[in-house]
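Only one structure is covered here, and it is reproduced in the block below.
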Amino acid sequence: MVENQQKLIHTFGALAELGHEVSQKNNFQEMIRTSLHLLLGSLGIMRGGVARYSRFGHELNMLAVRGLGENFPLSLTLCDEDERQFLINGLVPIEVSQAKVLPFFRIYDRSFEDKRVELIVPLVIRDEIVGVVLLGEKANGEPYSAYDRDIICAMTRHIGVGIAQRNLMVELERRAVENRRLYEDLRMTYKDTVKAFATAIDCKDKYTEGHSVRVGKYSEIIAAELGWSEEQIEGVAVAGYLHDVGKLTVESSIINSPHRINAKETTELNKHPEIGYEILLPIHHPYTDVPLAAKYHHERLDGRGYPDELCDREIPYIAKIVCLADSFDAMTTDRPYKRRRPANEVIEDLRRNSGKQFAPELVTVFCRAMLKEITQGTKQKKFRRLLGKEYLEAEGIVPMLKNALNEMNGTSSLTLVAIV
Ligand SMILES: [Fe+2]
């Protein structure tokens, strides 16, 4: 009686430890090894092994072995008939000597006999074979009792659950990787589509070739200097690429007029932000504010912009960024009725209109990004590629940028730049 009680306590202890092992997901191999040792140790079994089942290869691959020796096969194959029988059998231990009718036992008969494998427990979890546990003879030479078989059944269930959990995790990881890849593909497709659209918009205006693409790139520079995340930067770039999409519906003769357009034509042209918004709104963008950037990129902080004459805080932030990028490109590229303005004039314009047309903090980060590229020789020559080397290295541009920065944010430690 006392002996039985002790055995029971010992077994429960081993089961509790096994449960703990199974819940430790960090080292799967170690968990299986420890579980096997606990199982063998608690019932005094000499040899054993745990194999994991691969449905695709119909193979049982050994994860942990003890006492089976080097010659024991590390991979065992199951045929359809074996699989069916194992599934019907469930977690009940199979006597090797009684199961020779199955191909599996006939094929590996020699190996099982050599190592005195007496029991094989199919690990069937939620109607699926996840592996098997092989058990050799007991150290005391006694046959397995009904009580032993119950213990084996309970402990191998734990091991089976551990393997099933691991399989699930591997599958989830695989799906996550696949989803990420699909998402990346979609993102690339979206980006390519946006760029194709930008090119189509720019094609309509023969005088401002590449404008939308450049506005996208300037918007990207501003967002990067603001320290935004990669996703936010991408969103702002998309907003820049598509800000003038509404121009696709404006008469080409108005857009390509070699002269200043009249009031009626201006009214027509000025409809493009709202039309752009209408075009972009039904599209599901990965970034929420893209349509708003199209609608409000001609608004001004002082309320003198269009279409809604919004003031400062009423204007979506993304539209403020695109507005600055748009105006900067307009000033730094040739137009039919005027040449590009020199760099110092453009910087002066930004400074003068900071707080009126443009958000001051955005002018600051824009000038700072430009100054950094010129003075610190940053790796990516974004401004140089967009404006040309000569333009960017015009005489006086560095002190001009420093002055503008100090003036706009004289007390900010972030933007204060020593004037050399
Ligand atoms: Fe525009």
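The values are calculated or read from the model by the stated rules, or taken from the named source; none is laboratory data. For clarity, every value in this text was computed on a predicted model and none was experimentally measured. So basically every Cβ, Gly included, is an ideal-geometry build from the backbone, and we count neighbours across all protein chains shown. Surface areas here come from the heavy atoms of the whole protein model, side chains and all, with no ligands, DNA or RNA. Shrake-Rupley method; radii C 1.70, N 1.55, O 1.52, S 1.80 Å.
Before moving on, here are some points about what is shown:
- Qualifying residue in region 232-239 (condition: away from the ligand (no atom under 15 Å from the Cβ) and open to solvent by 80 Å² or more (accessible area, probe 1.4 Å)): yes
- Scanning region 242-270 for residues that are surrounded by 17 or more Cβ atoms within 10 Å (Cβ to Cβ) and either away from the ligand (no atom under 16 Å from the Cβ) or in a loop (DSSP other than H, G, I, E, B) (or both) returns H243, D244, V250.
- Of all the residues in region 283-298, those that are more than 11 Å from the ligand (Cβ to nearest atom) and closer than 13 Å to V322 by Cβ number 5.
- Selection from region 340-398 of residues that are among the hydroxyl-bearing types (S, T, Y) and either touching a residue at least 60 places away in the same chain (Cβ under 8 Å) or part of a helix (DSSP H, G or I) (or both): T364, T375, Y391
- Residue count for region 132-164 under the criterion of being among the polar types (S, T, N, Q) and open to solvent by 20 Å² or more (accessible area, probe 1.4 Å): the result is 2.
- Matching residues, region 267-281, being of a type outside the set (D, E, K, R) and under 18 Å from I201 (Cβ atoms): L269, N270, H272, P273, I275, G276, Y277, I279, L280, L281
- First in region 242-256 and free of Cβ contacts under 8 Å to residues at least 40 places away in the same chain, second anywhere and assigned to a loop (DSSP other than H, G, I, E, B) and surrounded by fewer than 19 Cβ atoms within 10 Å (Cβ to Cβ), Cβ under 6 Å, 6 or more apart: I254/I261
- Filtering region 299-309 to residues that are open to solvent by 30 Å² or more (accessible area, probe 1.4 Å) and either closer than 19 Å to T249 by Cα or more than 14 Å from the ligand (Cβ to nearest atom) (or both) leaves D302, R304, Y306, P307, D308, E309.
- Some residue of region 391-399 being under 20 Å from V215 (Cα atoms), at pLDDT below 95 and surrounded by 14 or more Cβ atoms within 10 Å (Cβ to Cβ): yes
- Unique residue being within 16 Å of the ligand (Cβ to nearest atom), modelled with pLDDT under 95 and surrounded by 15 or more Cβ atoms within 10 Å (Cβ to Cβ) when the list is L324, L280: L280
The rows are residues; the columns are (1) over 20 Å from A99 (Cβ atoms); (2) open to solvent by 10 Å² or more (accessible area, probe 1.4 Å); (3) out of contact with any Pro (no Cβ under 7 Å at 6 or more places or on another chain); (4) in contact (Cβ under 8 Å) with a residue 40 or more places away in the chain.
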| site | (1), (2), (3), (4) |
| --- | --- |
| F28 | yes, yes, yes, yes |
| G44 | yes, yes, yes, yes |
| G49 | no, no, yes, yes |
| L60 | no, no, yes, yes |
| C79 | no, yes, no, no |
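- Residue count for region 188-211, restricted to those that are assigned to a loop (DSSP other than H, G, I, E, B) and either open to solvent by 60 Å² or more (accessible area, probe 1.4 Å) or among the hydrophobic types (A, V, I, L, M, F, W, C) (or both): 1
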